[in-house]
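Remarks on the structure that follows.
The values are calculated or read from the model by the stated rules, or taken from the named source; none is laboratory data. Here the structure is a predicted model, which is why all the values come from computation and not from measurement. When we count neighbours, we look across all protein chains shown, and the Cβ atoms used for this are built from the backbone with ideal geometry, even at glycine. Just the protein is used for accessible areas: all its heavy atoms, side chains included, with ligands, DNA and RNA removed. Shrake-Rupley method; radii C 1.70, N 1.55, O 1.52, S 1.80 Å.
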Amino acid sequence: MFSVWRNLNLSRSAADYFSVKRQVLALCSERGTQRLNPHRKCSGKRFNVPPSAEFVSRVSGIPTMAKLPYQDSAEGLDAAFIGVPIDTGTSNRPGARFGPRQIRVESASMLRACNCGTRAAPYESLVVADIGDVNVNVFDLKDTCRRIRETYRKIVAHGCIPLTMGGDHTITYPILQAVAEKHGPVGLIHVDAHADTSDMILGEKIGHGTPFRRCVEEGILDCKRVVQIGLRGSGFTPDAYEWSRAQGFRVVQVEECWFKSLVPLMSEVRAQMGSGPVYLSFDIDGLDPGFAPGTGTPEIAGLTPIQGVEIIRGCRGLNLVGCDLVEVSPPYDTTGNTSLTGANLLFEMLCVLPKVKYY
């Protein structure tokens, strides 16, 4: 499919970004011959294929996620990238409200259509688009949670899998409320430096340190199918993860991850998750701040980007019903590498969704 880039007619009149994109979206392969067709014969579906930097410069065009088309709803999509730009639930350094925007910028420059490590070709098998951001209320966190919940109800009603750019980790709570309304209690793969299971913070029940406590209370999580990976740092008690274990969560502290591949761990996690619906929530502060400094509550001695990729690739074969990448804070990301890492991790999430084609 992707060799078709070399067959595009790049005349002077067609070399602008949108003209090239129209050609690519229409290009179809049928019995070894290239021809223009608005629908690909292999599936009868129209697929959105990001333009190649071989022909469209990386710095040109509107920076949607991976330069995918924008549409204002999830109708007709198998998966959708969506931003939730809030940081009013954060307890330390703010700035995550700018995460979705900067992740998109980095993705538009450096993401390509195929995963060369796994040979996944998501844009040949899923209809994907960027559906913009939730219109959050930056002055009222509870109202923002309501808006998120209502938005995600519409997304999942279309049978679309949301791939979310945060935003602080508060957002996972209302997202999971909407997801569980459709799928019932879900398994959870949670990558983070922190358990996010506090009951209250400064007298408030809703915040980025409480989402999974709220989810347990409401029966949203299938607690025997929850794993938390990368937890670390100082705590208010000697065992900050006692509550998680008491609910039946598997807790994998970062010390268990040092100096090793996480491929064996993910084999065990897949067995734990089984065939039921699973949600993947990845806090960028799960990675060591040497790799991802642009975040609100950094903790030293964290996971490496390689281990982060191993965790996500280890989700292949699971019944993933949603994913998020949260807590990217561009004001603390002076090189852009945290946002770039977040963009790549989101692409890896797309590549392990059900029904993705592999070569």
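Summary of values
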{"read-out": "Those chymotrypsin sites (Phe, Trp or Tyr not before Pro) in region 235-289 that DSSP places in a loop and that have at most 11 other beta carbons within 10 Å", "value": "Phe236, Phe259"}
{"read-out": "Integer Hz, Karplus 6.51/-1.76/1.60 couplings in order for region 326-336, x for Gly and Pro", "value": "10, 6, 6, 10, x, x, 9, 10, 5, 9, x"}
{"read-out": "Segment Lys260-Lys224, length gained on full extension (0.36 nm per residue, minus Cα span)", "value": "10.4 nm"}
{"read-out": "FRET efficiency for Asp143 and Asn92, using Cβ-Cβ distance with R0 set to 22 Å, rounded to 0.05", "value": "0.45"}
{"read-out": "Helix 337-351 vs. the chain, principal-axis angle (Cα, 0 to 90°, nearest 10)", "value": "70 degrees"}
{"read-out": "Whole-number Å³ per residue for the convex hull built on Cα positions in region 67-358", "value": "115 Å³"}
{"read-out": "Rough spin-label spacing in nm, given labels placed 7 Å along Cα→Cβ, for Asp72 and Tyr359", "value": "3.8 nm"}
{"read-out": "Probe 1.4 Å - accessible area at Lys260, Å² to nearest ten", "value": "110 Å²"}
{"read-out": "Pairs from Lys260/Lys355; Lys67/Lys182; Lys182/Lys355; Lys67/Lys357; Lys154/Lys205; Lys67/Lys355 whose Cα-Cα separation, in the structure shown, is over 24 Å", "value": "Lys260/Lys355; Lys67/Lys182; Lys154/Lys205"}
{"read-out": "Förster-model FRET efficiency, 22 Å R0, Thr304 and Thr335, C-beta, rounded to 0.05", "value": "0.80"}
{"read-out": "Rounded to whole Hz, the Karplus (6.51, -1.76, 1.60) HN-Hα couplings of region 197-206, x for glycine and proline", "value": "10, 5, 7, 9, 10, 6, x, 10, 8, 10"}
{"read-out": "Computed [θ] at 222 nm, deg cm²/dmol, the chain (DSSP H ≥ 4; -39,500 (n - 2.57); rounded to nearest 500)", "value": "-8000 deg cm²/dmol"}
{"read-out": "Label zone at Met110 (point 7 Å along Cα-to-Cβ), backbone N below 13 Å, region 285-327", "value": "291-294, 305-306"}
{"read-out": "Net dipole in debye of the chain [+1 Lys, Arg Cβ; -1 Asp, Glu Cβ; about Cα centre; nearest 20]", "value": "1800 debye"}
{"read-out": "Surface accessible to a 1.4 Å probe, per residue, for the residues of the chain, Å²", "value": "42 Å²"}
{"read-out": "Residues with amide H under 5 Å from that of Asp324, placed H, sequence gap 5 or more", "value": "Thr164, Leu280, Ser281, Phe282"}
{"read-out": "Carbon + sulfur, % of accessible area of the chain - ligands and nucleic acids excluded, 1.4 Å", "value": "53 percent"}
{"read-out": "Karplus (6.51, -1.76, 1.60) ³J(HN,Hα), θ = phi - 60°, over region 88-98, in Hz, Gly and Pro reported as x", "value": "6, x, 7, 9, 10, 7, x, x, 5, 5, 8"}
{"read-out": "About the Cα centre, charge dipole magnitude for region 146-196 (Lys/Arg +1, Asp/Glu -1 at Cβ), debye", "value": "320 debye"}
